[in-house]
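Undergrad: Take a look at this one; I'll ask things after.
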Amino acid sequence: MVPTPKKENAAALNLIFIIGLVYVLYVLKPVLVPIIIAIILSVSAFPFVQFLERKLRINRVISAIVAITLLSLVIFALLLFIGFQLSDILEKGDFYAEKLSNVYNTFATKLETYLGIEKNELSIKKLNIGATIKNNFVGIIEFLTSSGSFFSDIILIPLYIFFFLIYRKFFKSFIYRAFSKDGNTLKAKTILNKLYDVQQNYLVGLFMVMGIVGVLNSIGLLILGIDNAIFFGFLAALLLLIPYIGIIIGSLLPAVVALATKDSLWYPVGVMVIFAFIQFIEGNFITPKITGSKVSINAFVAILSIILFSMLWGIAGMIVALPVIASLKVVFDTIPELKPYGFLIGEPLDEYLRSGARIRLKNWKKIRKEKRIIN
């Protein structure tokens, strides 16, 4: 069937719209990313603000200021703790570098003995991990301090949160007016309530999962006798903010420390195995049990969204990818014309994952059972 001119024009317009939207999102990154982060944090702070307003009868402005202050103190204390721990690790950088150099030399000697590969043929001439870490750390700090957006976000995000909290009824009224036809606000209210439930469920579930995974990681590292086990365990849990990839990154640092401080290669291997096992438990049992069915995004879409958002907005994009996609799924599921896209984003039903042979076997058993009942 030859496509009609109208269909061709519609497809071309849709393509132009998508390209234009991606370009606008990329250009407006300094504006959109702080706003999205502020919305997510506002949702997490809202129950506390609501408690202050309804139970303690505190003014809305004062409640918002108290919530933002406590949230800022928690984040600041967490960053301060991470900074002190990283400083302690950097002080041991020379010791780790010397140990890793010995491991490298031993490995190179074995390669030369068994495979005939000489040391000078290897790409690594000299291993100085301590200096590398220190130089990179300084470079990161210089990058952050030289970036105006870093300091502006520190000021703007709390300011955005404040306005979202005190103007929440005003913004809700705007959404009702903008997206309701003929004064019927039921659909807009339904979408807004579902969006809040999804974000709240995602955030609460994420914090709970972080705590459980942090404890499990720390126990595993303590069993292996790794230095700074609790810090590395909870650092890897904190990196769950970057789904799928974060815990892999978090496992590399304790594995390197294990390689530098232990006499056997089985220790870094053990670190990787423990983190991989905990990742499996988290992905298949802990997260589905805690978050339930409200945040139901299939793994393929989740990984694809993380890649695309990271290309669009960098690390910040990786962090906000899943909340944004979960919100889009709510919108798609509510609007009839967009339901197929919501179906594509969601978890597939069991019938789509079973093999044809398994389905035929199930049907055959069902037929056999019915025949026995008849006979």
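Undergrad: Can you work out the FRET efficiency for the pair ILE223 and ILE367, with r the C-beta to C-beta distance and R0 = 41 Å, to the nearest 0.05? Please list the in-between numbers first.
TA: On the way: r = 52 Å, r/R0 = 1.27.
Once the sixth-power term is evaluated, E becomes 0.20.
Undergrad: In nanometres, what is the gap between the two model label sites at MET311 and LEU73, each 7 Å from Cα along Cα-to-Cβ?
TA: 4.4 nm
Undergrad: Suppose R0 equals 25 Å; then what is the FRET efficiency for LEU159 and THR190 from their Cβ-Cβ distance, rounded to the nearest 0.05?
TA: Taking R0 as 25 Å, the efficiency between LEU159 and THR190 is 0.25.
Undergrad: Let me ask something additional. For each pair in LYS55/LYS187; LYS55/LYS289; LYS92/LYS262, compute the distance between the two Cα atoms and list the pairs where it is over 25 Å.
TA: LYS55/LYS187; LYS55/LYS289
Undergrad: Also, I was wondering about something else. What is the list of residues in region 18-34 whose amide nitrogen lies under 18 Å from a point 7 angstrom out from the Cα of ILE82, following Cα to Cβ?
TA: Flagged as within label range: 34.
Undergrad: Right, here's the next one. Using a 1.4 Å probe, how large is the accessible area of GLU53, given in Å² and rounded to the nearest 10?
TA: 40 Å²
Undergrad: Short version: ³J(HN,Hα) in whole Hz for each residue of region 316-326, in order, from phi by Karplus 6.51 cos²θ - 1.76 cosθ + 1.60 (θ = phi - 60°), x for Gly and Pro, what are they?
TA: These are the phi-based 3J(HN,Hα) values: 4, x, 5, 6, 8, 4, 5, x, 5, 5, 4 Hz.
Undergrad: Near VAL209, within a Cβ-to-Cβ distance under 10 Å, what is the net charge of the other residues, with Lys and Arg +1 and Asp and Glu -1?
TA: 0
Undergrad: For region 225-233, just list the computed ³J(HN,Hα) in residue order, Karplus coefficients 6.51, -1.76 and 1.60, θ = phi - 60°, integers in Hz, with x standing in for Gly and Pro.
TA: Going residue by residue, I get x, 7, 4, 6, 4, 5, 4, 5, x Hz, with x marking Gly and Pro.
Undergrad: Test of the criteria: in region 32-113, which trypsin sites (Lys or Arg not before Pro) are in a DSSP loop and have at most 11 other Cβ atoms within 10 angstrom of their Cβ?
TA: Here the trypsin sites (Lys or Arg not before Pro) that fit, given the DSSP loop and packing criteria, are LYS55, ARG57.
The values are calculated or read from the model by the stated rules, or taken from the named source; none is laboratory data. These numbers come from a predicted model, not from an experiment. Every residue, glycine as well, gets a Cβ built from its backbone with ideal geometry; the counts of neighbours run over all protein chains shown. To get the accessible areas, we keep the full protein, side chains included, count just its heavy atoms, and leave off ligands, DNA and RNA. Shrake-Rupley method; radii C 1.70, N 1.55, O 1.52, S 1.80 Å.
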